[in-house]
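Step one of this worksheet: look at the structure below.
The values are calculated or read from the model by the stated rules, or taken from the named source; none is laboratory data. Everything numeric in this text was worked out from a predicted model, so none of it was measured. Using ideal geometry, Cβ is built from the backbone for each residue, glycine included, and neighbour counts are taken over all protein chains shown.
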Amino acid sequence: MSLLEVRGVTAGYGAFTALWDVSLSVAAGEAVAVVGPNGAGKTTLLRVLSGLLPVRSGELVLEGGVRLTGRSAHEIVAHGIAHVPEGRRLFPALTVTDNLKMGAFLPAARRHFAESLDRVYGLFPVLADRRGQRAGSLSGGEQQMLAVGRALMSRPKLILFDEPSMGLAPVMVLRLFDLIRQVRQEGYTILVVEQNVRQVLKIVDRAYLLEVGRIKMEGRAAELSEEDFVRKAYVGL
């Protein structure tokens with residue numbers, strides 16, 4: 001049984017449909033990528049999975065047959081799905097520790113706050129060094145670590161990454177993918193939406209190509225023809 005099943009989901013904004021009959025699955029312990037050009041619907045997909053955008057048709061099902069369709073964003077977090085949003089969306093005036101506290105706002109996560117905090121600081125020692133510093137004063141790479149750490153504070157089963165390499169310098173992009181690899185080695189299940197196809201294919205088990213709101217291609221990362229996949233993702237050929 002998959003940890004998450006997306007079955008025939010259609011969604012959009014007002015009269016605009018951004019996703020058409022999208023189906024995909026993520027197994028427990030797996031890392032899966034959704035790649036595609038700008039405007040393909042990648043961010044919309046993650047907004048649907050996080051409960052930030054309603055589903056028009058189709059179903060979202062979590063392991064054990066739990067239906068997520070129609071549930072609010074905080075209920076979805078409570079069921080074990082954490083979202084690292086595009087642009088990080090930190091609280092710049094709050095300290096590193098206070099931003100991490102925001103990730104543990106649900107009662108179940110609050111009960112394990114100290115343990116989760118130790119785990120995040122163990123994974124990202126630089127955050128421990130900066131714990132009293134305001135988030136807005138961190139470098140781009142440190143802010144991305146903090147955004148990931150905040151997601152981990154909710155003790156998720158599945159972490160959604162939305163364009164994590166966006167806005168980072170090339171040297172930081174490589175570090176970021178190492179960071180995601182590290183999180184994955186901790187046993188977390190990952191669904192990552194990313195334009196950097198070449199790098200993301202190196203850290204995931206499987207990938208889906210999303211193009212104009214529809215899944216056009218899928219397969220195991222090791223078996224996909226990288227050039228073919230990259231060409232389709234970037235220029236739609």
Scan segment 62-80 residue by residue and report those that are among the acidic types (Asp, Glu) and either surrounded by 15 or more Cβ atoms within 10 Å (Cβ to Cβ) or not assigned by TED's automatic domain parsing to the domain that holds Gly51 (or both). Glu63
Checking the condition closer than 30 Å to Leu138 by Cα and either crowded, with 20+ Cβ neighbours inside 10 Å or at pLDDT 85 or above (or both), which residue from Arg220, Arg181 passes? Arg181
Please find, within segment 128-144, the residue that is surrounded by the fewest Cβ atoms within 10 Å (Cβ to Cβ) out of those that are farther than 15 Å from Met102 by Cα and among the hydrophobic types (A, V, I, L, M, F, W, C). Ala128
From the list Phe91, Phe16, exactly one residue is over 14 Å from the mean Cα position of the chain (by Cα), more than 22 Å from Glu194 (Cβ to Cβ) and not assigned by TED's automatic domain parsing to the domain that holds Gln185. Which is it? Phe91
Right, Leu52: crowded, with 22+ Cβ neighbours inside 10 Å, of a type in the set (A, V, I, L, M), closer than 28 Å to Ser165 by Cβ and at pLDDT below 95 or not? no
Filter segment 92-111 for residues that are modelled with pLDDT of 85 or more and in a loop (DSSP other than H, G, I, E, B); the one that is nearest to Gly140 (Cα to Cα) is Pro92
